[in-house]
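Q: Right, I'll just put the structure down here and ask away after.
Values quoted throughout were computed directly from the atomic coordinates according to the rules given, and no laboratory measurement underlies them. All values derive from a computational prediction rather than experimental measurement. Ideal geometry is used to build each Cβ from the backbone, glycine not excepted, and the neighbour counts take in all protein chains shown.
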2 protein chains.
Amino acid sequence: MEEITRDFLYALSADISGRQDDRLKTRLSELHPADIADIFDRLEEEEVQYLWKLIDIEERGDVLVELEEDVREGLLSTLSTREIAEEVLENIDSDDAADVVGELPEERAAEVIAELDTEDREDLLSLLRYPEGTAGALMGTELIRVELEWTVTQAIREMRKQAEEVETFHSVYVVNAAGQLIGRLSLKRLLLTATSARSTIGDLFKEDDTRTVKVDDPDEKVVQVMKKYDLVALPVVDDHNRLLGRITIDDVVDLMEEEAEKDYQLASGLSDEVESDDTLWTMTRARLPWLLIGLFGGLAGAYVIGWFDIERFPSMALFIPLIAAMGGNVGVQSAAIVVQGLASGRTPADARLAPRLLKEFSVALLNGAICAGVILGASLILGYGWNLSLTVSTALIAVIIFAALFGTFVPLALDQLKIDPALATGPFITTANDIIGLIIYFGIGVLMSVGG
Amino acid sequence: MEEITRDFLYALSADISGRQDDRLKTRLSELHPADIADIFDRLEEEEVQYLWKLIDIEERGDVLVELEEDVREGLLSTLSTREIAEEVLENIDSDDAADVVGELPEERAAEVIAELDTEDREDLLSLLRYPEGTAGALMGTELIRVELEWTVTQAIREMRKQAEEVETFHSVYVVNAAGQLIGRLSLKRLLLTATSARSTIGDLFKEDDTRTVKVDDPDEKVVQVMKKYDLVALPVVDDHNRLLGRITIDDVVDLMEEEAEKDYQLASGLSDEVESDDTLWTMTRARLPWLLIGLFGGLAGAYVIGWFDIERFPSMALFIPLIAAMGGNVGVQSAAIVVQGLASGRTPADARLAPRLLKEFSVALLNGAICAGVILGASLILGYGWNLSLTVSTALIAVIIFAALFGTFVPLALDQLKIDPALATGPFITTANDIIGLIIYFGIGVLMSVGG
């Protein structure tokens, strides 16, 4: 991997200012499209536009699909619809083409599609029909298919033709005359099995258990199948088992990464993908929603404390941070276990709620008892007196148990309602548990009349 | 993908109790090893041991490597060293074999290795030498290599021989007589290019830019290279560019997932991988460390509040939860952005600290000003009076700015010290910011003498 140093970027910027086109072309031609994209992500907009024209036409599309979304959007807005169609879309896989067109404003997308030749246009329009989040939206149509009755010689001749459109492939899909998928033939088998002139694909091909997904299967299923069976490509079929396209592992890797980042962001209270080099306003906007939720949670907390008449029991104030923090921590832990279980598919679809809550209750009871014991001992040693120490430790057990059950229940409930359970992690759980924790703490305080 | 239902598991358990070996064998032979592993993960230990003997010998190894670690450990402890060597290790890839042996107790591992034939033993011993976390520890030695000078016919004959040991492969590695990697030849090219009887591999092969990693490169680099260049297999070389092995994308997918889960766990305050079906004690142990940290943070908070003499300024208590929560939330957000940037490789290695902190300062100032404005207005409307409202909003800006800088600085510093920056997220940042937030809040309170 090329390490893109700051020095290299300076040299590049200097060449751009000096209009050293020949040197720039040489530099670019030595780089992989993914490396050019990395460089573009770190240059000024005008520099990107300038360099774009110096990249080999065949490679422009590959660079474009690797760019970060905002950089790509900026670049696309400077290209004509004809340039997008001819320089970009015709040189990339159909699934990437559909993604690029999907990012364009609607009117412009229609203009770009009109510039394509009939075959590419039909391909693209059919892909754009599949809703986001389904196997159809992930698949590309570039694949190699051979029919069961073909001789091997005929198949190889057909494959040479098909291969012009397909950059890399690892298996050949075997279909019957109706276009239904029969199975997969590995290139290894095709290459290494001795055949006679009259051998057919059917002779080579052994009935196998090729995995497929339906075109409207959700993309979580695609990820699970490819991961579980260690696949590099997964064929996509319609309801009649007709072969429509294939999904490649690199797209699934990207998808997995996005999902993991999104869950992580939600757990950390970021509402959007942000990077250190985003603008001030983008960074602020990604953080503000959760901060405002925390703010109103804080106001609610103030109301609870005021309601319980803190002025009469001022020593109760000492342990407010402890109660609030522990409720939040426990809730986040419990929610995270559920979210991870659901995301990895380890939590079976038919899991029942009651045994989970019971288990969570036992874990919380054990954790709560240990923590309460520690805090009782510590606060007595520190001289906070029996009344306050007992109140705090009793409240702590109650808060830990409540927070654990709440943290388990909410993401499971969201999942049942088809809402992303990761929303329940982070500030949401923390804030809710803060308030409820305070109510429990002061409620117990009043019962034990600490201040009395 | 086979959906493993509870009904299926019940039927299986019933067949095991009834010793219906024939029916069980048929059931198992219809399942993919990954599905059998899924089933084993959900059965009792004795049931797993019983079914193990009924799986086709050739498939046992594939099932074993797909098991969850604790289930695998349980099963391995019931097998003899000879069974492990002959039924498991000889039927799986060398990288998986090294992982399995690496999980065994040292003495037992040595006994198992002694049972292997010379070639497998040497292979395995060489793989076990590479430290965890390097490309060497990820790679397998199964690959197809041809020499540049061979004719295509000769190469195909050699490939047939080598292919007996290699289950799936997508490219053929071209080496020179010294074993140095020259490049990669795709099966597509080999299959679809017309050759004469005297064509050599050198004629077919075009100088390409095959990506490689060194055997001691860290696994983060492996992940980055494979992801960036969309590779399904990555050759591993030594310092003299001699081909040692290859890393496949399925192992990298597993690694990515583990890393993402670990970061997520740290951010949520879990110290270990836990799943809903772990034992009570495992689940408790994974959560307790961070809870104890939170507990001592809470005690420190109590000390701070006591020090500032809360009894004189009881109304200050009302906003303790708000200040603590906001400091924690902001700190976690800032730390998460750094951790994600570092993990994805988006944060360049030569990034400087000063501009980052400056940017973080600006974002925090903007967020702080907005939040302080909201809280000032809200608390005045709710009748908390000018003194308290001003104290809270001033403290809030200060806390938000401090928490943001602290949250940015700590993971960057840890990364510089080669400690996992994700350790800085979650309860650690929250707890530290709680305490410092309280000091700032009460400090400002005393300066403005709210209670006076």
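Q: If you place +1 on the Cβ of every Lys and Arg, -1 on the Cβ of every Asp and Glu, and leave all else neutral, what size is the dipole of region A:145-248 about its Cα centre, to the nearest 20 Debye?
A: 380
Q: Okay, next question. Between the label point of residue A:117 and that of the same position in each other copy, find the distances and list them shortest first in nm, with every label point placed 7 Å from Cα along the Cα-to-C-beta direction.
A: The projected label point of residue A:117 is separated from its counterparts by 5.4 nm.
Q: Tally Lys and Arg at +1 and Asp and Glu at -1 over the other residues with C-beta under 11 Å from the C-beta of residue B:324: what net charge comes out?
A: Its environment carries a net charge of -2.
Q: A further question on this structure: Starting from a label point 7 Å past Cα on the Cβ side, list the distances from residue B:449 to the same position in the other copies, nm, shortest first.
A: So the distances to the same position in the other copies read 3.6 nm.
Q: Still on this model: For chain B, what is the charge dipole size about the Cα centre, in debye to the nearest 20, if Lys and Arg each add +1 at the Cβ and Asp and Glu each add -1 at the Cβ?
A: It works out to roughly 3080 debye.
Q: Sequence-distant or interchain residues sharing an amide H contact under 5 Å with residue B:182, placed H: which?
A: Those qualifying (amide H under 5 Å, at least 5 residues apart or on another chain) are B:174, B:175, B:176.
Q: Hey, another quick one. When you look at the Cβ of every residue in A:179-191, what mean number of other chain Cβ atoms sits within 10 Å?
A: Per residue, the number of nearby Cβ atoms from other chains is 3 on average.
Q: Nearest 500 deg cm²/dmol is fine: what mean residue ellipticity at 222 nm does chain A get from its DSSP H runs of n ≥ 4 alone, each adding -39,500 (n - 2.57), divided by its residue count?
A: My calculation for chain A gives -19500 deg cm²/dmol from helical runs alone.
Q: Take each of the peptides B:354-362, B:55-63, B:289-297, average the number of other beta-carbon atoms within 10 Å over its residues, and list them starting from the highest.
A: B:289-297, B:55-63, B:354-362
Q: Is the C-alpha gyration tensor of the protein assembly as shown telling us rounded, prolate or oblate? Criteria: a/c under 1.5 is rounded; beyond that, a/b larger than b/c is prolate, otherwise oblate.
A: prolate
Q: In debye to the nearest 20, how big a dipole does region A:80-135 give about its Cα centre with +1 on each Lys and Arg Cβ and -1 on each Asp and Glu Cβ?
A: Taking the Cα centre of region A:80-135 as origin, the dipole is about 220 debye.
Q: A follow-up question, please. Helix by helix through chain B, keep the DSSP H runs that span 20 Å or more along the axis on Cα and average at least 0.0 on Kyte-Doolittle, and give those back in order.
A: B:280-307, B:320-344, B:353-381, B:386-416, B:427-447
Q: In addition: Looking only at other chains, what is the average number of their beta-carbon atoms within 10 angstrom of each beta-carbon in B:260-267?
A: Mean number of neighbouring Cβ atoms from other chains: 6.
Q: Which residue, chosen from A:168, A:433, A:150, occupies the Cα position most advanced towards the positive end of the dipole of chain A, where the dipole is computed from +1 (Lys, Arg) and -1 (Asp, Glu) charges on Cβ about the Cα centre?
A: Checked the options; the winner is A:433.
Q: Can you give the local net charge around residue B:445? Use residues other than it whose beta-carbon is closer than 14 angstrom to its beta-carbon, Lys and Arg +1, Asp and Glu -1.
A: Surrounding charge for residue B:445 is -1.
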